[in-house]
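Worksheet: one structure, shown below.
What follows is calculated from the coordinates using simple rules that are stated; it is not laboratory data. None of the values given here were measured: they were computed from a predicted structure. Using ideal geometry, Cβ is built from the backbone for each residue, glycine included, and neighbour counts are taken over all protein chains shown.
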Amino acid sequence: MAALQGPNLGVNYGWTARESGWNTGMDTNLKLLDAVLQLSAKSRTLAAPPTTPANGDRYIVAPSPSGAWVGKTGQIAVRIEAGWSFYTPKIGWTCFIEDEGVLSAYKATGWSAGIAI
């Protein structure tokens, strides 16, 4: 399996030709890229997962989360294949917050209030 990981998105790389396990590692990479590139989240006010999420729905987890989101405050929650995947944002990431109509940036203190677009 790949022994190297990119410092920014955390994408794995470094497989040798025809190496076993490449499929699983590459699936993880592609899910990460699909989740965070051109980032848009439905909301950042939910502390619990919605009851009927669609595949691909993304949320920024609100403070004091519960259920499947416990311990994930501020992270990107993405519904993938009937489960939740979580991604920790890095400084400089931007996200369009759909229900607010603002573009928010992630900084050392968390997500910014955002600017209206």
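Which residues, counting only those in segment 59-92, are within 16 Å of A41 (Cα to Cα) and part of a strand (DSSP E or B)? Listed by number, the residues that qualify are Y59, I60, I76, A77, V78, R79, I80, W84, S85, F86, Y87. The residues of segment 23-58 that are among the hydroxyl-bearing types (S, T, Y), touching a residue at least 40 places away in the same chain (Cβ under 8 Å) and not in a strand (DSSP E or B), listed by number, are S43, T45. Could you count how many residues in segment 93-103 are over 14 Å from the mean Cα position of the chain (by Cα) and part of a strand (DSSP E or B)? Qualifying residue count, segment 93-103: 2. Taken together, the residues in segment 83-114 that are hydrophobic (A, V, I, L, M, F, W, C), exposed (fewer than 15 other Cβ atoms within 10 Å of the Cβ) and touching a Ser or Thr at 6+ places or on another chain (Cβ under 8 Å) amount to 1.
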